[in-house]
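**Q** Submitted below is the structure of interest, expressed as structure tokens.
The values are calculated or read from the model by the stated rules, or taken from the named source; none is laboratory data. Because the structure is a prediction, the values reported are computed rather than measured. Quick reminder, even Gly has a Cβ in these numbers, built from the backbone with ideal geometry, and neighbours come from all protein chains shown. Just the protein is used for accessible areas: all its heavy atoms, side chains included, with ligands, DNA and RNA removed. Shrake-Rupley method; radii C 1.70, N 1.55, O 1.52, S 1.80 Å.
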Amino acid sequence: MASIITQPSPLPAWRRELAEGFKRPEELLAFLGLPASGWDAAAQRDFPLRVPRAFARRMRRGDPDDPLLRQVLPLAAENAVAPGFVSDPVGDGRARAAPGLLHKYHGRALLVTTGACAIHCRYCFRRHFPYSRAQLTPARLRPALDYLRRHEEISEIILSGGDPLMLADARLSGLIRALEDIPQLRRLRLHTRLPVVLPSRITEALTERLAASRLQCVIVVHVNHANEIDADVAAAVTRLRQAGITVLNQGTLLAGVNDTLGALVALQEQCFATGILPYYLHLLDRTRGTDHFEVEALRARELYEALRRRLPGYLTPRLARESPGAPYKIWF
Ligand SMILES: *Cc1c(COP(=O)(O)O)cnc(C)c1O
Ligand code: SF4
């Protein structure tokens, strides 16, 4: 018994799962029964593969075009240089109000809490983000908190990253406590892929902490394809909703992943069946190395128009694009 007492506390299950995720493309391909040659070394060096097993298990075996696999596998197409595809396509540099804090839209500010993600999405603009400079250590948090105090019109704080749920519970809880002390803040929003790619992260301790906050909590997940949702994801979303948390989805329109009417309808239906309300459908940010994911503007409009004809308003996400300097993201 004594030896148990002196043991350091074990890693939470989700941390172990994170450590056991796929990091080598050839291992993921072998797991899926695919040839080991279907990936690109230069793309892997640029932005290494990272996929939790919980997510990889939802991929179809033997299908190189699987919509979940396409989101994570490094391909030679990423090395192409395409005009207009740049490192900071959304102008985040200009919106910087304090280290780690972006203030771009009225009433909301976004805090980059960590550069880490559980999954590396090939189309993400953060693939070129200067992560280490954006890391928010407790000492570097001070100016951001001061800025929020001075700007009384900010009533909602958005935790983003990377992925804010990559923070350990103690760090996250301390951060939320500091935000709760800012009187005019009313809402706490988390932009996270973890309830979907690593549902074991949604522990009882986490949901209790969020439910206990005086801030109203909104979680915006990121699902691009109906196949990303399985019974474990549904259970994680149920835990969040039982804690009184609103769960929304923002996906990205991606060629070869969800650029058909059938895939987009199934995504919204599956989200709603799981307790997630559609929020945004983003057009791709034109990030270097991602042009093979782009759905051309005309086709995006056509798809969106067809989606509107098909679904009730509450199941239709807003079509959005970030443009530097614009006061909101809605595009259509
Ligand atoms: C996307 C984003 C927001 C949130 O915009 P909503 O339209 O409220 O979802 C806030 N700040 C920044 C910097 C953003 O990029
Ligand atoms: S920030 Fe989100 S979209 Fe980008 S790599 Fe991380 S989890 Fe994926």
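**Q** Ordering ARG58, ARG96 from largest to smallest accessible area (1.4 angstrom probe), what's the sequence? Please report the intermediate quantities before stating the final value.
**A** Details: ARG58 25, ARG96 110 Å².
Largest accessible area first, the residues go ARG96, ARG58.
**Q** As an exercise, find the ratio Rg/Rh for the stretch 15-78 from alpha-carbon atoms, using the Kirkwood inverse-distance average for Rh.
**A** On the way: Rg = 11.0 Å, Rh = 11.8 Å.
In the stretch 15-78, Rg relative to Rh is 0.93.
**Q** Something else about it: Counting residues in the chain as N, plug N into 2.2 N^0.38 Å and put the Cα Rg over that result. Present the calculation step by step, with values, prior to reporting the outcome.
**A** Numbers: Rg = 19.8 Å, N = 332, 2.2 N^0.38 = 20.0 Å.
Taking N as the residue count of the chain, the ratio is 0.99.
**Q** Take the Cα atoms of the stretch 219-307, build their convex hull, and give its volume per residue in Å³.
**A** On the way: hull volume 8.3 nm³, N = 89.
Expressed per residue, the convex hull around the Cα atoms of the stretch 219-307 is 93 Å³.
**Q** Using DSSP to define loop residues, name the trypsin sites (Lys or Arg not before Pro) in the stretch 187-269 whose beta-carbon has at most 12 other beta-carbon atoms within 10 Å. Please report the intermediate quantities before stating the final value.
**A** Details: sites: ARG187, ARG189, ARG193, ARG201, ARG209, ARG214, ARG239, ARG241; in loops: ARG193, ARG214.
Taking the stretch 187-269 and a limit of 12 other Cβ atoms within 10 Å, the loop trypsin sites (Lys or Arg not before Pro) found are ARG214.
**Q** Stokes-Einstein diffusion coefficient for the stretch 79-118 at 4 °C in a medium of 1.567 mPa s, Rh from the Kirkwood formula over Cα pairs: what value in µm²/s?
**A** On the way: Rh = 12.2 Å.
Stokes-Einstein gives a translational diffusion coefficient of 106 µm²/s.
**Q** Take every DSSP beta bridge with both residues inside the stretch 55-185 and express the antiparallel ones as a percent of the total, to the nearest 5.
**A** Working: 5 of 10 bridges.
If we restrict to bridges inside the stretch 55-185, about 50 percent are antiparallel.
**Q** In whole Å, what are the Cα extents of the stretch 64-186 along the three principal axes, biggest one first?
**A** 51, 32, 24
**Q** Based on Cβ point charges of +1 for Lys and Arg and -1 for Asp and Glu, what charge dipole magnitude is obtained for the stretch 93-331 about its Cα centre, in debye rounded to the nearest 20? Please report the intermediate quantities before stating the final value.
**A** Details: 33 positive and 22 negative charges, 145 e Å.
That gives the stretch 93-331 a dipole magnitude of about 700 debye.
**Q** Going by average Cβ density within 10 Å per residue, which order do the peptides 97-104, 323-330 take, highest to lowest?
**A** On the way: 97-104: 20.2, 323-330: 12.0.
Output ranking for 97-104, 323-330: 97-104, 323-330.
**Q** Still on this structure: Just order 65-73, 80-88, 258-266 by mean Cβ neighbour count inside 10 Å, highest at the front, would you? Intermediate results must be reported in sequence, preceding the final value.
**A** Numbers: 65-73: 21.0, 80-88: 12.3, 258-266: 17.0.
Taking the mean over residues of other Cβ atoms within 10 Å, the ranking is 65-73, 258-266, 80-88.
**Q** Additional query: Can you list which of the DSSP-assigned H helices in the chain have a Cα extent of 15 Å or more along the long axis and an average Kyte-Doolittle score of at least 0.0?
**A** On the way: long enough: 138-150 (19 Å, -0.85); 169-180 (16 Å, 0.19); 231-242 (16 Å, 0.22); 261-274 (20 Å, 1.05); 297-310 (20 Å, -1.00).
Long hydrophobic helices here: 169-180, 231-242, 261-274.
**Q** So if R0 is 35 Å, what FRET efficiency would ALA273 and ASP146 give, r being the distance between their Cβ atoms, rounded to the nearest 0.05? Spell out each step's value before the answer.
**A** Details: r = 44 Å, r/R0 = 1.25.
The calculated FRET efficiency here is 0.20.
**Q** Say a paramagnetic label sat at a point 7 Å from the Cα of ALA297, along Cα to Cβ; which residues of the stretch 75-102 have their backbone N under 16 Å from it?
**A** 83-85
**Q** For the stretch 134-191, run through the GluC sites (Glu not before Pro) and keep only the ones in DSSP coil with at most 14 other Cβ atoms within 10 Å of their Cβ.
**A** Working: sites: GLU152, GLU153, GLU156, GLU180; in loops: GLU152, GLU153.
Those that pass, being in a loop and sparsely packed, are GLU152, GLU153.
**Q** Mind giving me the nanometre distance, one decimal, between the label points for LEU261 and ALA82, set 7 Å out from Cα along Cα→Cβ?
**A** Going by the 7 Å Cα→Cβ label model, 2.5 nm.
**Q** Counting DSSP beta bridges with both partners in the chain, what percentage is antiparallel, nearest 5? Write down the numbers at each step before the final one.
**A** Working: 7 of 34 bridges.
Percent antiparallel among DSSP bridges in the chain is about 20.
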